[in-house]
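J.: Sharing a structure, written as structure tokens. Questions coming.
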Amino acid sequence: MLTYTSSSFRTWSRLGPGGAMGVAALELPALNDRVVFLSADMSTVSGLERFKTAFPERHYNLGIAEQNLVGVAAGMASEGMAPFLVTYSTFFAMRSLDQIKVNMGYMKFPIRLIGNFSGFSAGILGPTHMSVEDVAAIRSIPDITIVSPADCTETIKVMLAAAEHDAPLYIRLTGAPGMPVVYSSDYHFQIGKSIRLREGSDVAILATGSMVHPSLKAAELLEQDGISCSVTNMHTIKPLDTEVLNQLDGFDLLVTAEEHSILGGLGGAVAEHLASEGCRTRLLRIGAPDSYPHAGEYLHLLAQCGLTAEQIRSRISGVMNGVRV
């Protein structure tokens, strides 16, 4: 049984999001006896080795055949099973998009995609393995919920919720082993309901996934500059928590932060909603630029794309002081 202690939080952080997903997977058969896991030759690197050993009859390795992975899962779902699928997120969003569209968007089979190595965490392998377009692609397909946990503890929470979420779901795992801790105590998690982590009055930062922690750090730094920032964890990118968005008119600046392209992700979703509601507050979208960087180490790529806490602080400070950045 999972226990939410300081030791657990540190352990899950060291494991990284994939390892934390593997820890949570061991708990799911007790929550839902229809759970099965399907992998595209990703069991070991995705943290599923212990699950495969404990529940060999619930684990299927379909090899490097991501399109078939979704098709087989659709067949299982049609027979009442609750399939979780694991592979690189870029191979889901780019290679299997037609199968996702047909089987999850159109047929509405309750398939749970786990997009491992989202963003730049596999960036050492180059742009073929980077995933900065996945939310934009999958968000355009009807009826698919998209969740991006802020840290490894929230990855655990998302996995537990997914076992009882009987509808199409995409879990986007950003970050790497040693991922910073956002939540240091147990808390209530609900798909679709954002979480305010810090209060502020001048700037509202809406962050998702791995960008929640640097956004909190940036808010601390901006406080030293006399700029008060609230920070909200927008773990659910689709559907957006529009109730929270509709309460942001009083801020001087709204900011979105994500380890995803500035096109079509959280920033795009927020901009679409604000425009439809006639909100006139300025919006700064912080994310990966509209280009592919060369292969590199994870932290180097984050810095290259302006996604560190100090860089987020600089962007926000510049806009608040009238500088175009």
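The values are calculated or read from the model by the stated rules, or taken from the named source; none is laboratory data. Note that the structure is a prediction, hence the values are computed from the model and not measured. Counting neighbours? That spans all protein chains shown, and the Cβs are built from the backbone with ideal geometry, glycine included. Surface accessibility is based on the protein's heavy atoms, side chains included, excluding ligands, DNA and RNA. Shrake-Rupley method; radii C 1.70, N 1.55, O 1.52, S 1.80 Å.
J.: Greater than 21 Å separation of Cα atoms is the criterion. Which listed pairs, K101/K238; K157/K238; K52/K193, meet it?
T.: Where the Cα-Cα span goes over 21 Å, the pairs concerned are K52/K193.
J.: While we're on this one: FRET efficiency for N32 and A65, Cβ-Cβ distance as r, R0 = 30 Å, nearest 0.05?
T.: 0.70
J.: A follow-up question, please. Let me know the Kirkwood hydrodynamic radius for the chain, please, with Cα pairs as the basis and the value in Å to one decimal.
T.: Result for the chain, one decimal place: 19.7 Å.
J.: Restricting to Cα pairs below 8 Å that are 6+ residues apart, what does the relative contact order work out to for segment 1-88? Please round to a whole percent.
T.: 32
J.: Then there is this: Rounded to the nearest 500 deg cm²/dmol, what is the calculated helix-only ellipticity per residue at 222 nm for the chain, with -39500 (n - 2.57) per DSSP H run of length n ≥ 4?
T.: Value at 222 nm, helices only: -10000 deg cm²/dmol.
J.: Roughly how many Å² of Y170 are accessible to a 1.4 Å probe, to the nearest 10?
T.: Accessible surface of Y170 is approximately 0 Å².
J.: Taking the Cα atoms of segment 48-187, report the difference between the largest and smallest coordinate on each principal axis, in whole Å and largest first.
T.: 39, 34, 29
J.: Could you order E66, E164, E133, E277 so the one with the most accessible surface comes first? Probe is 1.4 Å.
T.: Heavy-atom accessible area, descending, gives E164, E277, E133, E66.
J.: Let me ask something additional. Taking Cα centroids, how far is segment 127-146 from segment 163-203 in Å?
T.: Segment 127-146 and segment 163-203 have Cα centres separated by 18 Å.
J.: I'd like the distance between the alpha-carbon centres of segment 219-249 and segment 275-324, rounded to an integer number of Å.
T.: 15
J.: Suppose accessible area is computed on protein heavy atoms with a 1.4 Å probe; arrange V270, V45 from highest to lowest.
T.: V45, V270
J.: When a/c is below 1.5 the answer is rounded, else prolate if a/b is larger than b/c, else oblate, so apply that to segment 189-252 with a ≥ b ≥ c taken from the square roots of the Cα gyration tensor eigenvalues.
T.: oblate
J.: Let me ask something else about it. Dipole size in debye (nearest 20) for the chain around its Cα centre, Lys and Arg Cβ +1, Asp and Glu Cβ -1?
T.: My answer is approximately 220 debye.
J.: Could you state the accessible area per residue of the chain in Å², with a 1.4 Å probe and every protein chain left in place?
T.: Heavy-atom accessible area per residue stands at 40 Å².
J.: With every protein chain left in place, what is the accessible area of D33 in Å² (1.4 Å probe, nearest 10)?
T.: Estimated to the nearest 10 Å², D33 gives 120 Å².
J.: If you don't mind, another one. Show me the ranking of peptides 179-192, 11-24 by mean Cβ neighbours inside 10 Å, starting with the highest.
T.: 11-24, 179-192
J.: With just the Cα atoms defining each centre, how far is segment 103-123 from segment 14-78? Give it in Å.
T.: What the calculation gives is 13 Å, centre to centre.
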